[in-house]
Each structure stands twice: as structure tokens, then as C-alpha cells.
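One structure is given below, encoded as C-alpha cells.
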Amino acid sequence: MIGRPLLLALGLLTTLPVPRVVDPAEREIGLSVLWYPLVGAIIGVMMWGLAVWGAAWPGDLVALGILLLWLMATGGLHLEGLGDLADAWVGGLSGGPERMLAIMKDPRAGPMAVMAICMQLFCKGVAIHNLLQLHAFVVLGVAPVIGRTMMVALMLSTPYVRPEGMGAVAVRALPKNAGWWVVGVTSLAVAFLSQPSLAWAVLVTGLGLMTLRALILRRLKGVTGDVLGASCELSETIFLLVTVLLLF
């Protein structure tokens, strides 16, 4: 039961050429969520490898390369969620949850989506450049892990507002006890990996996720796939920026 759920997670969260899982069972979809942090680790290893390999190159060019690799490995999946949430957050101010859900289903990107995505990429690029200067390559390796771990935590703790789709099935079928073990063990492993600053960065990122959850529950009454993607992106950026501030 390990192979198919892991392939499901890789196929959903990355653009890596993995075999397609045909007709997954509901239990397999739920189990695939447990592998999200490992998928983040695979992405992180690629970023760490590029950082080490390009250590002698100009830092801004290597930072750009790492950011491009990050985007290519994920296909911009979670950035799309961030953009949709930004549009819905502003556009749904006067319409309630139904209005927000309708905006998030609209495939067009509004000005708030463009602004949110541009700021997200800018913040990540700045953080990556500074981490390269500090030779804190390990932070780049674990940032995608933290982002997907926080996404799992949100799925475990928050209702899913759409009744249909793989997201609804994943949240419903996700093994709760095993999920919390994955979140706890992964967070502790990252926090005490090599640098004391990582523990504080994990803590601040967790507080950021709790704040996002409270705001989402107030406005939307639960999560969607777009909200989960946005939580991953925002958690990664908070983790990167806090670590940079603590290391300087």
C-alpha cells in the first residue's frame, strides 16, 4: 500500500515523471496525504543540490535558478491556489463564503492574484539569495518539507467546504492519528535538524498557519484545494524569511 499512495502524492504535487495511478481507492487517496512531507523532501534535495553545486557562482543567478527549479518541480500548483485565494479574499468581502467559492472556481486571474503571486516570488527570491550568502543550504532543503507538513496539519484540523473532488476525498479519508504523527515527527525533525534558528522558524510558521486557519474559518468556514495550496506557499515563505532574520 506504500507504492500507490506515494505515486499519487508525487503525481499531484510535482511534475516529476512518475507512473500514473489508475482508479485510486478512497483509502489510497487518504494515505497519499501522509507522504506529502516526503514529496517536499524530494523537492528540497533538488534545491539543496543546486545550491551546493552552484556555491561558487554569483549568488543572484543561483537564487534565480533555485526559484525556477522550485517552480518547475511543482508546476506552480500552490501558487495558483495563493492567487485564487487572494482574488476571493478581496472579491468576496461583500458576498460571503458562496461568493468566495465562486471566485476561486473562476479560471481567470484578477489583479489581487497577480499581486500576491508576484510578491510571493519576490519574497522567496530574496530569502533564497540571503540564505545562499549565509551558506544555509539546509534551510532550502527543508522549506518544502515544512510547507507540505503545514498543509497536512490544516487538512487534519479544518473541514473541507466543497463536497466533491479529490480534496474532499483526501480530507475525509486521511488517517487522523497517523497524520498527526507525521506532522509532529516531521516538525520536530526539522526543528532540531542542525541549527537552533530552525526550531524558532518552525514555531513561527506554525503560529502563522494557526492565524491563517482562524481567518479562513471566519470568512470561508473551511478549506478548499486553493486554500491548502496557499497555506503551503505562505508557510514556506514565512519559514524562509524568519530563518534569514534569525541567522543574520
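Rule-based calculations on the coordinates, nothing more; no lab input. Keep in mind that what you see is a predicted model, and the values were worked out from it rather than measured. Please note: Cβ atoms are built from the backbone with ideal geometry, for glycine as well, and neighbour counts cover all protein chains shown.
Consider region 13-47 and keep the residues that are of a type in the set (Val, Ile, Thr) and crowded, with 21+ Cβ neighbours inside 10 Å. The one that is farthest from residue 153 (Cα to Cα) is 43.
Take the conditions (1) surrounded by fewer than 19 Cβ atoms within 10 Å (Cβ to Cβ); (2) within 30 Å of residue 176 (Cβ to Cβ); (3) within 20 Å of the chain's Cα centre (by Cα); residue 10 misses just one of them, which is (1). Only one of the numbered conditions (1) farther than 30 Å from residue 197 by Cβ; (2) under 16 Å from the mean Cα position of the chain (by Cα) is not met by residue 177, and that is (2).
Of the residues making up region 220-248, those that are small (Gly, Ala, Ser) and buried (at least 24 other Cβ atoms within 10 Å of the Cβ) number 4.
Based on what the data block shows, is residue 112 buried (at least 18 other Cβ atoms within 10 Å of the Cβ), touching a residue at least 24 places away in the same chain (Cβ under 8 Å) and farther than 19 Å from residue 233 by Cα? No. Of all residues in region 170-201, how many are among the aliphatic types (A, V, I, L, M), more than 20 Å from residue 97 (Cα to Cα) and crowded, with 18+ Cβ neighbours inside 10 Å? Within region 170-201, residues that are among the aliphatic types (A, V, I, L, M), more than 20 Å from residue 97 (Cα to Cα) and crowded, with 18+ Cβ neighbours inside 10 Å number 8.
Suppose we filter 182, 223, 244, 204 for residues that are touching a residue at least 40 places away in the same chain (Cβ under 8 Å), closer than 24 Å to residue 133 by Cβ, touching a helix residue (DSSP H, G or I) at 6+ places or on another chain (Cβ under 8 Å) and β-branched (Val, Ile, Thr); which single one remains? Only one candidate passes the filter, namely 244.
Is it true that residue 94 is free of Cβ contacts under 8 Å to residues at least 40 places away in the same chain and either in contact with a strand residue (DSSP E or B) (Cβ under 7 Å, 6 or more places away or on another chain) or hydroxyl-bearing (Ser, Thr, Tyr) (or both)? The answer is yes for residue 94. Scanning region 202-219 for residues that are surrounded by 16 or more Cβ atoms within 10 Å (Cβ to Cβ) and either within 15 Å of the chain's Cα centre (by Cα) or not in a helix (DSSP H, G or I) (or both) yields 202, 205, 206, 208, 209, 212, 213.
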